[in-house]
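J.: Please see the structure below; I have some questions.
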Amino acid sequence: MLDLDLNANYWGVPVRWVRIMRQNEIRQAISFVRASQSESWNSNMEVQREPIYDGDAIEIALARISDENTQWQKYFVDNNIVPLDITYEQLTHDMDATVRLVMNHIDSPIDTVPAPQTKKQSDATSKEWAERFVLEHPEHAHRANVSSL
């Protein structure tokens, strides 16, 4: 659960909000499950153990994603905040343009977007897990961007 008890004015300075969401929540849940199992949260971390497919864990992660998205939406509405909404897919498809969009939103335009410090961890295993999960849990198929399974 997120602790959203912070008042939007907590920092005492103007804050510009950016919300990054994932269109394909099934892939987001799979990423979370794989990172939790392997204890490798980014590509710079060593895998501690190989992850194994767990449909129940993916379903639990999907529930968590829904809950957290709902909490953030409520926080933004309750505090009259209109964040800049971008998607993970938008960021990974065109990082340069998306980073520039974010930097302009926070009134800090930049000339050069630095190279990423990590690399994408999704692979054929993530794709296989997503396909298997949708077959086993068709009620969640709408939470996947099918073209990116």
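The values are calculated or read from the model by the stated rules, or taken from the named source; none is laboratory data. Note that the coordinates shown come from a computational prediction; the quantities given were computed from them, not determined experimentally. Ideal geometry is used to build each Cβ from the backbone, glycine not excepted, and the neighbour counts take in all protein chains shown.
J.: Pairs only if they're at least six apart or on different chains, beta carbon under 8 angstrom, first in region 89-110 and over 24 Å from P14 (Cα atoms) and in contact (Cβ under 8 Å) with a residue 60 or more places away in the chain, second among the charged types (D, E, K, R) and buried (at least 16 other Cβ atoms within 10 Å of the Cβ); list them, first residue then second.
T.: Listed pairs, sorted by first residue: E89/R22.
J.: Another question, then. Tell me which residues, restricted to region 61-94, are among the hydrophobic types (A, V, I, L, M, F, W, C), part of a helix (DSSP H, G or I) and surrounded by 14 or more Cβ atoms within 10 Å (Cβ to Cβ). Outline the logic, then answer.
T.: Taking region 61-94 first, the residues among the hydrophobic types (A, V, I, L, M, F, W, C) are 61-63, 65, 72, 76-77, 81-82, 84, 86, 91.
Checking which are part of a helix (DSSP H, G or I) leaves us with 61-63, 65, 72, 76-77, 91.
Answer for region 61-94, where residues must be among the hydrophobic types (A, V, I, L, M, F, W, C), part of a helix (DSSP H, G or I) and surrounded by 14 or more Cβ atoms within 10 Å (Cβ to Cβ): A61, L62, I65, W72, F76, L91.
J.: Please go through region 9-60 and give me each residue that is closer than 21 Å to N79 by Cβ and either assigned to a strand (DSSP E or B) or modelled with pLDDT of 85 or more (or both), ordered by number.
T.: V15, R16, W17, V18, R19, I20, M21, listed by residue number.
J.: Would you tally the residues in region 109-135 being among the charged types (D, E, K, R), modelled with pLDDT of 90 or more and surrounded by fewer than 13 Cβ atoms within 10 Å (Cβ to Cβ)? Give the steps one after another, and end with the answer.
T.: Our first condition is that a residue be among the charged types (D, E, K, R); within region 109-135, this holds for 111, 119-120, 123, 127-128, 131-132.
When the remaining residues are screened for being modelled with pLDDT of 90 or more, the result is 111, 127-128, 131-132.
Those left that are additionally surrounded by fewer than 13 Cβ atoms within 10 Å (Cβ to Cβ): 111.
So the answer is 1.
J.: Okay, moving on. Pull up region 136-149, narrow it to residues that are more than 12 Å from R27 (Cβ to Cβ), in contact with a helix residue (DSSP H, G or I) (Cβ under 9 Å, 6 or more places away or on another chain) and loosely packed, with under 14 Cβ neighbours inside 10 Å, then point me to the one that is modelled with the highest pLDDT.
T.: Result: E136.
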